[in-house]
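Enquirer: Please read through the structure below; I'll follow up with questions.
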Amino acid sequence: MDIEELNDLIDQHGKALYGFCLRLMRNKEDADDLYQETLLKAIEGHSKLDRTRNPKAFLLSIAVGLRKNQRRKFSWRQRIAPTVAFNEAADTSYVFISEDSPEDAVLSMELRCKIQAAADGLCDKLKIPLYMYYTVDMSIEEIASVLKIPSGTVKSRLYQARKAMKKELEVDSL
């Protein structure tokens with residue numbers, strides 16, 4: 001695969017990859033960094049990419065790997081020199097509202113924020129397959145190949161994520 005084909009691949013799957021990075025990182029700046037690092041790694045490893053197989057999964061697997069490495073490094077640094085965590089408000093600027101009345105818009109935004117908070121509260125083992133399935137529209141088999149786990153494990157993690165989110169959302173609604 002040459003650089004021209006890689007540019008076509010980025011044009012084709014760039015939006016889905018960026019949306020996945022944005023969901024995974026929860027803020028625009030970190031998502032931009034992850035997106036750029038993913039594309040750099042894809043350019044470096046473009047000889048490994050086979051367009052007949054799933055190129056979208058290739059890009060997402062790079063992003064997942066980079067995210068895991070970042071979490072591992074952060075965890076190690078926290079053990080050496082702990083830092084104070086900042087709780088910033090969720091950036092919902094990428095959510096588009098198309099409700100008719102202002103009340104519907106507010107209720108819809110509140111519901112989206114609750115769902116996003118419930119998803120963000122999940123551990124990465126559950127959150128990553130959930131985002132891949134619902135935001136990137138990947139099949140269970142594609143997720144299994146990206147994460148290098150059996151498809152039954154993907155199904156189990158999706159079930160556990162839905163169950164945990166349902167429990168969290170039911171507690172919030174009481």
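Enquirer: Considering only protein heavy atoms, with the full assembly of protein chains and a 1.4 angstrom probe, order Leu158, Leu107 by accessible area, largest first. Display every interim value, and only then the final one.
Expert: Numbers: Leu158 0, Leu107 110 Å².
Ranked from most to least accessible, the order is Leu107, Leu158.
Enquirer: May I pose another question? With all protein chains present and a 1.4 Å probe, how do Ile149, Ile143, Ile3 order by accessible area, largest first?
Expert: Ile3, Ile149, Ile143
Enquirer: Okay, next question. Using the Cα gyration tensor of region 99-167, with a ≥ b ≥ c the square roots of its eigenvalues, what is the shape: rounded (a/c below 1.5), prolate (a/b larger than b/c) or oblate (neither)?
Expert: prolate
Enquirer: Could you pull out every one of the lysines with an alpha carbon less than 19 Å from that of Lys163, ignoring same-chain neighbours closer than 8 positions?
Expert: Lys114, Lys125, Lys127, Lys155
Enquirer: In what order, largest first, do Ser47, Ser145, Ser151 sit by accessible area if the probe radius is 1.4 Å?
Expert: Values: Ser47 95, Ser145 75, Ser151 45 Å².
Descending accessible area places them as Ser47, Ser145, Ser151.
Enquirer: Between region 120-174 and region 40-74, how far is it from one alpha carbon centroid to the other, in angstrom?
Expert: 20 Å
The values are calculated or read from the model by the stated rules, or taken from the named source; none is laboratory data. Quick caveat: nothing in here was measured; it's all calculated off a predicted structure. Calculation scope for accessible area: heavy atoms of the full protein, side chains included, ligands and nucleic acids excluded. Shrake-Rupley method; radii C 1.70, N 1.55, O 1.52, S 1.80 Å.
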